[in-house]
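The block underneath contains the structure these notes are about, expressed in structure tokens.
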Amino acid sequence: MILHVVSVSGGKDSTATLLLALSRFRRDRVVPIFCDTGNEHEAVYEYLAYLEQALDIQIHRLRASFDDEIAAKRMFIARDRRVGRQYPRAVVLDSAGNPVPKRDSRGNIVTRTVVRRGQTVVEVVPKTRKVGGGRKVRWTNTAKRRALEILHPTGNPYLDLCLWKGRFPSRKAQFCTEELKTKPAVLFQLGLVDQGHTVVSWQGVRRDESPARANALKFECIGPRMFAFRPLVEWSAAQVFDHCAQAGIQPNPLYLQGCSRVGCMPCINVGKDELRQISARWPEHVERIAQWELLVGQACKRGFSTMLSDGHEAADRREIFADLNIYARVEWAKTSRGGKQYDLLADLIEPTACASSYGLCG
Ligand code: SF4
């Protein structure tokens with residue numbers, strides 16, 4: 001049987017994609033899935049329940065588990081016996097630029113036997129020296145105790161992922177998408193293939209969303225009996241909202257409250273304005289992230305971790321934490337002119353007013 005698996009996120013694009021799939025195929029052929037990161041706004045869960053009721057469907061909730069990875073990391077930390085610091089080394093050269101030979105405590109030149117091109121040769125070992133300050137690779141006993149106390153699965157996929165990795169994802173290391181969304185969805189679809197089905201994965205991707213998606217294909221084969229179908233690649237955001245409205249489906253209320261996208265609350269890619277909106281409207285989510293920063297910080301070797309930490313050049317992690325913890329970022333989001341001046345108008349945002357990035361408030 002051909003099954004049409006639709007990834008639903010609670011956002012406008014995936015909702016329009018789901019509507020298209022339901023308009024073209026019987027309900028028993030359409031399998032909506034939702035990858036729950038655990039870092040969602042409660043409005044997303046309510047919107048999914050609304051879609052289920054309005055469209056008479058069941059959306060399968062998928063949650064990644066990192067129990068095994070956390071157990072393995074606990075074992076690794078407990079057994080870590082590496083030396084205190086590791087240094088890169090460089091060969092010492094004499095004034096003529098030749099390597100200086102290494103000598104033992106009696107002044108004899110140290111040699112070693114190596115095989116080169118099939119021949120055993122004895123060569124002189126060059127003298128080397130440490131370069132730079134090295135890096136701390138060992139877990140101190142204090143850090144071990146602190147991490148082992150905290151490092152237990154919480155059942156929240158996002159937090160467990162960060163506890164396992166000992167850090168939050170970042171723009172440069174965006175492992176959250178892969179671990180929390182892509183892998184659970186692919187595993188679910190592979191399970192369907194194993195049951196003998198052919199899977200068409202419907203994805204609400206639009207080319208005008210970002211340069212990374214500018215060349216998205218409408219249809220492609222992604223594996224044995226697995227295909228990707230992106231019916232919205234040529235659509236604009238306005239067309240997507242229109243399509244949902246014509247089907248009588250309301251947009252996610254988060255769009256009416258300053259969110260330009262529906263996903264994690266907040267996403268690591270959150271913009272300054274959106275962070276300001278979040279802190280004004282949902283301070284409880286800022287508090288939750290602050291608690292997560294403390295937990296992840298305790299579970300990592302350095303003892304500090306922040307969610308929004310790209311681009312800080314200080315070497316001292318404590319300085320980075322002071323500047324980039326979520327409360328500091330919220331204060332920064334309230335400023336204008338490169339973060340130096342408080343934007344007094346920003347404090348006048350009325351938390352209940354409509355602030356749709358898409359002009360949905362008319
Ligand atoms: S990229 Fe943003 S929305 Fe996507 S999983 Fe990471 S934090 Fe969540």
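So the values come out like this:
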read-out	value
Gained length - ASP68 relative to ASP273, 0.36 nm times residue gap less alpha-carbon distance	70.0 nm
Rule-of-thumb Rg ratio for the stretch 185-235 [Cα; 2.2 N^0.38 Å; N residues]	1.25
Rounded accessible area of ARG85 (nearest 10 Å², 1.4 Å probe)	110 Å²
Apportionment of accessible area to carbon and sulfur, the chain, percent (1.4 Å)	51 percent
Hull-based mean projected area of the stretch 269-313, where the convex hull spans the alpha carbons, in square nanometres	3.7 nm²
Residues in the stretch 151-171 reached by a label modelled at ARG145 [backbone nitrogen below 20 Å; 7 Å Cα→Cβ]	151-152
Listed pairs LYS73/LYS272; LYS136/LYS272; LYS127/LYS172; LYS144/LYS172 exceeding 32 Å between Cα atoms	LYS73/LYS272; LYS136/LYS272; LYS127/LYS172
Backbone HN-Hα couplings from phi across the stretch 320-326 [Karplus 6.51/-1.76/1.60, Hz, Gly and Pro as x]	4, 4, 4, 7, 10, 5, 4
Range of Cα positions in the chain per principal axis (Å), largest first	88, 59, 43
For the stretch 183-326, alpha-carbon Rg over 2.2 N^0.38 Å	1.38
Alpha carbon centroid spacing (whole Å) that separates the stretch 242-311 from the stretch 174-224	23 Å
Solvent-accessible surface (1.4 angstrom probe) belonging to SER23, in square angstrom, nearest 10	90 Å²
Solvent-accessible area of ASP94 with every protein chain in place, 1.4 Å probe, in Å² to the nearest 10	70 Å²
The stretch 193-256 - percent relative contact order, Cα under 8 Å, separation 6 or more	30 percent
On Cα atoms only, tilt of 12-24 relative to the major axis of the chain in degrees	60 degrees
Gain upon complete extension [GLN119, MET1; 0.36 nm per residue less C-alpha separation]	36.3 nm
With Cα atoms, 0 to 90° folded angle of helix 183-194 axis to the chain main axis	70 degrees
The chain: calculated mean residue ellipticity at 222 nm from DSSP helix runs of at least 4, using -39500 (n - 2.57)	-10500 deg cm²/dmol
Span per principal axis, largest first, for the Cα atoms of the stretch 37-157 (Å)	83, 39, 29
Environment charge at ASP13 (Cβ cut-off 12 Å; Lys +1, Arg +1, Asp -1, Glu -1)	+4
Added length on full extension, which subtracts the Cα-Cα distance from 0.36 nm per residue, SER105 to ILE222	35.9 nm
The stretch 80-232 - Debye-derived log10 I(q)/I(0), Cα point model, q = 0.14, 0.15 Å⁻¹	-0.91, -0.96
Accessible area per residue in Å² at 1.4 Å probe, computed on the stretch 178-329	48 Å²
Cα gyration tensor shape of the stretch 144-196, rounded if a/c is under 1.5, else prolate or oblate by comparing a/b with b/c	oblate
Solvent-accessible surface ranking, highest first, for THR198, THR142 at 1.4 angstrom	THR142, THR198
Span from the the stretch 109-129 Cα centroid across to the the stretch 1-51 one, whole angstrom	64 Å
Net +/- balance of residues flanking VAL262 in space, Cβ distance below 10 Å, scoring K and R +1, D and E -1	0
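The values are calculated or read from the model by the stated rules, or taken from the named source; none is laboratory data. These numbers were taken from a predicted model, which means no experiment stands behind them. Please note: Cβ atoms are built from the backbone with ideal geometry, for glycine as well, and neighbour counts cover all protein chains shown. Just the protein is used for accessible areas: all its heavy atoms, side chains included, with ligands, DNA and RNA removed. Shrake-Rupley method; radii C 1.70, N 1.55, O 1.52, S 1.80 Å.
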